[in-house]
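Here is the structure we will look at.
The values are calculated or read from the model by the stated rules, or taken from the named source; none is laboratory data. Because the structure is predicted, anything quoted here is derived from the model rather than measured. Neighbour counts run over all protein chains shown; Cβ positions are idealised from the backbone, glycine included.
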Amino acid sequence: KDIPRWTALIGIGLTLLVIVKIWFFEDYHIYQKQNYPHSYHQLILPWISSLGIEFHIAVDGFSVTMLFLTSFLGIIAILCSWTEIKKNEGFFYLNIMLVLTGTIGVFISFDLFLFFFFWEIILIPTYFLIALWGQEKKDSCINAANKFFIYAQASGLMMLASILLLVISYYKNNNILTFNYDLLFSKPVDQNLEYIVMLGFFLAFIIKMPIVPFHGWLLDFHEKSSYCGAIDIIGALLKTAPYGLLRYNKILFPHATESFAPIAIFLGFFSMFYGAWVAFSQINIKRLIAYSSISHMGLILISIYSGSEIALQGLVIQILSNSISTSALFILSGQIYRHLKTQDISQMGGLWTYIYWIP
């Protein structure tokens, strides 16, 4: 029974050690202006050559930061579930590792098809984590998983359509079929097509952040998930969407992004205030944390489209702090539920009587 736990922990622990080595022994910074990663840490292998698809992975300062966050929270998620998961332990940790693999893959992919491939890898194991290890009745957990699946599939379909439009446009103009990030970046896209493709990427990413009004999946995701906090951490970990907006929308479609900025900033402000306002009215502790996270996502969206360099630097700190603090809050709420068997905040009076310390 302990083999799956130790395998997962050792695997992600070794990943963290590699990332720490890269960070400390190379000249990386949390925020880098360069669009291209450091050439020393790139791997390019042919994959589906007939379609111009390569296995192209690379890292720069921003992606290394996100990799560190992913590995660190992955270890915390595994430790939180260490004694709490009693059934199908092997399958549980397999799904955890698949989610972490997909998340890491998103942060290091520099081929658009490979990026989409890793983006979709996250979907299926996350579905199983909600459906099979939720704390509510099985039917309600499956409904929450189905809702997440529908939102995620809509996001994935819009992303795939946008990628194909971009690749086909490049092929028509240059007679080269490729999904290579650097090549697609090197040639400007037709202005009308640029706006359409940018909008497709934007919708795909804000569904996953999520931004209001695409936030419905997040509430049930957290409310129905296991109280141990591992699945909630996985939800907080999915900061692939802000990364995608920075890596793809702002760099591949700069003109369309600039013209679309007022709309994006409005959506960010609306999500920020709506999430905070609704959070005040919640009596379920997990829904309160989820709405506060939506509010923070609104702030992150504003930072991305603000056009300010210092805002982008602060954005990275916000992503790190939001992921870690939200994960910690979900762990605490899970421990409170373990003692009181309720998520109702109104039933948590006199907490000191029941819990002197939280292990």
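Exactly one residue out of 291, 337, 305 is closer than 17 Å to residue 213 by Cβ and not small (Gly, Ala, Ser), and it is 291. Restricting to the range 102-154, and then to whatever is of a type in the set (S, T, N, Q) and surrounded by 23 or more Cβ atoms within 10 Å (Cβ to Cβ), can you tell me which residue is farthest from residue 330 (Cα to Cα)? For the range 102-154, the residue satisfying everything is 109. Candidates 253, 202, 221: the one that is buried (at least 22 other Cβ atoms within 10 Å of the Cβ), closer than 24 Å to residue 275 by Cβ, at pLDDT below 90 and aromatic (Phe, Trp, Tyr) is 221.
Within the range 40-135, considering only helices (runs of 4 or more DSSP H) that don't extend past its boundaries, which have at least 2 residues that are at pLDDT below 90? Because the criterion is at least 2 residues that are at pLDDT below 90, the helices (runs of 4 or more DSSP H) in the range 40-135 that meet it are 61-80, 89-108, 123-132. Close Cβ contacts (under 6 Å, 6 or more residues apart or on different chains) running from residues in the range 81-107 that are more than 17 Å from residue 152 (Cβ to Cβ) to residues that are among the hydrophobic types (A, V, I, L, M, F, W, C) and not in a helix (DSSP H, G or I) comprise 81/228; 84/228; 92/85. The set of residues in the range 50-98 that are charged (D, E, K, R) and over 21 Å from residue 251 (Cβ atoms) comprises 84, 86, 87, 89.
Within the range 254-283, residues that are farther than 27 Å from residue 200 by Cβ and among the polar types (S, T, N, Q) have Cβ atoms under 8 Å from residues that are modelled with pLDDT under 95 and in a helix (DSSP H, G or I) in these pairs: 282/288; 282/291; 282/345, counting only partners at least 6 apart in sequence or on another chain.
Of the residues making up the range 167-184, those that are of a type outside the set (S, T, N, Q), surrounded by fewer than 17 Cβ atoms within 10 Å (Cβ to Cβ) and not in a loop (DSSP other than H, G, I, E, B) are 168, 171, 172, 182, 183.
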